[in-house]
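J.: One structure, pasted below without further comment.
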Amino acid sequence: MAELGEGQYDVIIVGAGPAGLAAGLYAARDRFKTLMLEKNGLPGGQIMLTGRIENYPGYENIPGPALVDHMVKQVKSFGAELKANCPAERIERLDDGSFTVHTAKGAFSARVIILSPGSDYRRLDVPGEKKHAGAGVSYCGTCDAPFFRDKHVVSIGGGNTAVEEAIHLAKFASKVTVVHRRAEFRAQKILVEELHRVAKERGNIEFKLEAGVTEILGDKKVDAVTLKDLKSGAAERFACDGVFIFVGMIPNTGWLKGFVELDGNDFIKADPAYMRTRVPGVFVAGDCRTAAAMQLATACGDGVVAAMMMKQHLKDPAWWTRTAEPEAAAAGGW
Ligand code: NAP
């Protein structure tokens with residue numbers, strides 16, 4: 001095989017969160033020339049915003065940024081290259097089956113692509129949200145809770161993130177009002193139990209269930225929200241100093257429309273066994289794929305599978321089409 005020149009790689013991994021870093025580790029250890037592209041200034045994705053991780057095997061608990069630091073050092077030690085502030089803008093498939101990735105910093109080519117662009121915060125899309133974003137409205141308690149020391153904040157959402165972040169916020173805020181649109185939390189039971197335990201212990205968490213925030217109010221700063229009781233329809237002006245929105249994630253896949261197949265929620269369709277998209281040579285890993293478990297450990301697992309199956313694809317390109325359809329059918333399609 002011809003030596004790869006400047007700007008040419010065996011594999012380009014788009015997104016250097018845990019999925020991309022794990023894929024990079026396996027690819028680089030197999031001596032593939034590996035480039036990881038990260039749109040942000042720092043790699044790590046969502047876990048950079050996680051203060052304490054206690055469900056990643058091997059660590060009783062570890063701050064997200066510290067874990068990212070270990071991962072980046074490890075993957076670089078095996079020769080993988082990382083370009084930060086380098087968002088991929090478009091991917092082109094050439095006639096020979098290889099790819100050109102166009103980025104803000106030029107074009108790079110590769111024989112295989114692993115897509116791991118992760119996902120971003122879902123917005124509530126209510127009046128006042130945009131106006132106060134970053135100054136009274138936040139999507140990251142781990143980042144912004146200290147700015148609300150001794151203040152009253154509203155925390156919206158009932159998933160794992162919302163529950164973990166409400167617990168975190170209660171360490172700083174004088175009062176946390178948890179607003180959730182249903183009576184039941186979507187979060188894991190152990191987290192909900194912890195939230196109730198902390199609420200009882202600290203006495204500064206209150207719950208507004210079957211309720212929603214329909215507007216964020218305030219002139220120069222947030223001073224209230226409109227809180228709607230979803231059963232009665234009654235709305236009230238509810239005073240607060242800040243609003244934390246934890247209503248899920250949306251995948252960073254808009255730029256991939258037309259290149260790979262996306263599902264109705266814009267997650268990348270892939271076969272669950274081998275992380276293949278329908279485009280031969282393009283794998284996917286992590287939170288951006290259909291039916292991802294959205295866990296740190298599973299994102300890493302996806303990256304490992306994608307990098308391992310890349311080896312299979314490069315050794316035997318016919319493997320992709322020979323096995324994809326029957327396996328997809330067996331798994332209920334993809
Ligand atoms: P999520 O699980 O999708 O939860 C989103 C929450 O926001 C749900 O309670 C949902 O309500 C609510 N919601 C959605 N749209 C809304 C709207 N327009 N208005 C009001 N409420 C709205 O999202 P997540 O908590 O960000 O978690 C994402 C993934 O990461 C999940 O798979 C989660 O398990 C995982 N995660 C895991 C951990 C952990 O294991 N320690 C920590 C954080 C995240 P409904 O429940 O009514 O739909």
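The values are calculated or read from the model by the stated rules, or taken from the named source; none is laboratory data. In this text, all values refer to a predicted model and were calculated from it rather than measured experimentally. Cβ coordinates were reconstructed from backbone atoms using ideal geometry, including for glycine residues, and neighbour counts include every protein chain displayed. These accessible areas exclude ligands, DNA and RNA; they are computed on the full protein's heavy atoms, side chains included. Shrake-Rupley method; radii C 1.70, N 1.55, O 1.52, S 1.80 Å.
J.: Of all residues in the range 186-207, which are more than 12 Å from the ligand (Cβ to nearest atom), surrounded by 15 or more Cβ atoms within 10 Å (Cβ to Cβ) and of a type outside the set (A, V, I, L, M)?
T.: Within the range 186-207, Asn204, Phe207 meet the criteria.
J.: Go through the range 230-332 and tell me which strands (runs of 3 or more DSSP E), entirely inside it, have 2 or more residues that are farther than 28 Å from Asn55 by Cα, without any contact (Cβ under 8 Å) to a residue 60 or more places away in the chain and assigned by TED's automatic domain parsing to the domain that holds Lys131.
T.: Details: elements: 235-239, 242-245, 249-251, 282-284.
By residue number, 235-239.
J.: I'm checking my understanding of the structure. Among residues of the range 273-296 that are within 16 Å of the ligand (Cβ to nearest atom) and open to solvent by 40 Å² or more (accessible area, probe 1.4 Å), which one is modelled with the highest pLDDT?
T.: Thr290
J.: Still on this structure: Take the residues in the range 117-128 that are under 30 Å from Ala307 (Cβ atoms) and open to solvent by 10 Å² or more (accessible area, probe 1.4 Å), then tell me which one is nearest to the ligand (Cβ to nearest atom).
T.: Out of the qualifying residues, it is Arg122.
J.: Quick one: how many residues across the range 94-124 are among the acidic types (Asp, Glu) and in a strand (DSSP E or B)?
T.: Of the residues in that region, 1 qualify.
J.: Within the bounds of the range 48-55, is there any residue that is within 23 Å of Asp10 (Cβ to Cβ) and surrounded by 17 or more Cβ atoms within 10 Å (Cβ to Cβ)?
T.: Looking for residues that are within 23 Å of Asp10 (Cβ to Cβ) and surrounded by 17 or more Cβ atoms within 10 Å (Cβ to Cβ), one finds none in the range 48-55, hence no.
J.: A follow-up question, please. So is Gly212 more than 14 Å from the ligand (Cβ to nearest atom) and out of contact with any His (no Cβ under 8 Å at 6 or more places or on another chain) or not? If you could, list the steps in order and put the result at the bottom.
T.: Details: more than 14 Å from the ligand (Cβ to nearest atom): no; out of contact with any His (no Cβ under 8 Å at 6 or more places or on another chain): yes.
Considered against the rule, which asks whether it is more than 14 Å from the ligand (Cβ to nearest atom) and out of contact with any His (no Cβ under 8 Å at 6 or more places or on another chain), Gly212 comes out as no.
J.: Let me ask something else about it. Can you tell which of Lys175, Lys131, Lys171, Lys151 is within 27 Å of Lys231 (Cβ to Cβ), away from the ligand (no atom under 11 Å from the Cβ) and basic (Lys, Arg)?
T.: So the residue among Lys175, Lys131, Lys171, Lys151 that is within 27 Å of Lys231 (Cβ to Cβ), away from the ligand (no atom under 11 Å from the Cβ) and basic (Lys, Arg) is Lys175.
J.: Val163 versus (1) surrounded by 21 or more Cβ atoms within 10 Å (Cβ to Cβ); (2) touching a residue at least 60 places away in the same chain (Cβ under 8 Å); (3) not acidic (Asp, Glu): which is the lone unmet condition?
T.: (2)
J.: What residue, of Ile12, Ile53, Ile62, Ile91, is away from the ligand (no atom under 16 Å from the Cβ) and either touching a His at 6+ places or on another chain (Cβ under 9 Å) or over 24 Å from Trp255 (Cβ atoms) (or both)?
T.: Checking each option against the conditions leaves just Ile91.
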